[in-house]
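S.K.: Okay, here's the structure, questions in a sec.
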Ligand code: DX5
Ligand code: ZN
């Protein structure tokens, strides 16, 4: 279970996305891009055209987190555009198996996102279809929110489900946490079983985003 860090450009300067991506290039594993549609979440960020533009400039693989209604219709295009990973939300997908398979068929890793109030157990059968589970550790929609400790037991339970579903192949399914991840909270997430860490304000709110990324990795690896 290698630690991976995915800085979220939601907390970066949207007018300087290419430079902001470059700032973490040598320190991070992924670049996390939050797509919000003002329906699934009460905030509007960016969509496919901006992701396509960013893909031309980003050296890191792009980790698209789709907080949108109707991901079944929109998600495959992000994979076709060249995203390295595309995550859809369990609460929004009507045909998750078909959509997850379409993302994979287009060459990206596929992820299933789960909100703080959504249990993982009803989705246990879907684990055979996913490359990653994303557990939201804040209500989705905004950066800079406080980490929700109530999600910690779900991280532990999800890690156990992953281990049970893929006996002998542990590590194949990554477990990502997103929201309020900081030097203060990352260790608890790692201990509970997370291995991919999204961090927005903890990285882009820092003086030196690359150093902040390295510090987070060191904390998670402790
Ligand atoms: C929130 C987004 C997160 C956000 C995290 O809905 O999914 O990726 O950027 O920001 P921080 O790390 O500041 O909580
Ligand atoms: Zn996100």
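What follows is calculated from the coordinates using simple rules that are stated; it is not laboratory data. Because the structure is predicted, anything quoted here is derived from the model rather than measured. Here the Cβ positions follow ideal geometry from the backbone for every residue, glycine too, while neighbour counts run over all protein chains shown.
S.K.: State yes or no: is residue 100 within 16 Å of the chain's Cα centre (by Cα) and more than 16 Å from ligand 2 (Cβ to nearest atom)?
M.R.: Answer is yes for this residue.
S.K.: Also, I was wondering about something else. Looking at residue 75, is it outside any loop (DSSP other than H, G, I, E, B), touching a helix residue (DSSP H, G or I) at 6+ places or on another chain (Cβ under 7 Å) and over 18 Å from residue 139 (Cβ atoms)?
M.R.: Taking the combined requirement at face value, the residue satisfies it.
Residues are listed down the side, and each one gets a yes or a no for (1) outside any loop (DSSP other than H, G, I, E, B); (2) within 17 Å of the chain's Cα centre (by Cα); (3) away from ligand 2 (no atom under 12 Å from the Cβ):
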residue: 33; (1), (2), (3): yes, yes, no
residue: 42; (1), (2), (3): no, no, yes
residue: 50; (1), (2), (3): yes, no, yes
residue: 60; (1), (2), (3): no, yes, yes
residue: 64; (1), (2), (3): yes, yes, no
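S.K.: Here is a follow-up. Counting just the residues of the stretch 131-163 that are farther than 12 Å from residue 198 by Cβ and within 12 Å of ligand 2 (Cβ to nearest atom), which one comes out surrounded by the most Cβ atoms within 10 Å (Cβ to Cβ)?
M.R.: 141
S.K.: Looking only at strands (runs of 3 or more DSSP E) that lie completely in the stretch 106-184, which have at least 3 residues being touching a helix residue (DSSP H, G or I) at 6+ places or on another chain (Cβ under 8 Å)?
M.R.: By residue number, 109-114, 132-136.
S.K.: When the residues of the stretch 1-18 are filtered to those that are over 14 Å from residue 54 (Cα atoms) and touching a strand residue (DSSP E or B) at 6+ places or on another chain (Cβ under 8 Å), which remaining residue is nearest to ligand 2 (Cβ to nearest atom)?
M.R.: 6
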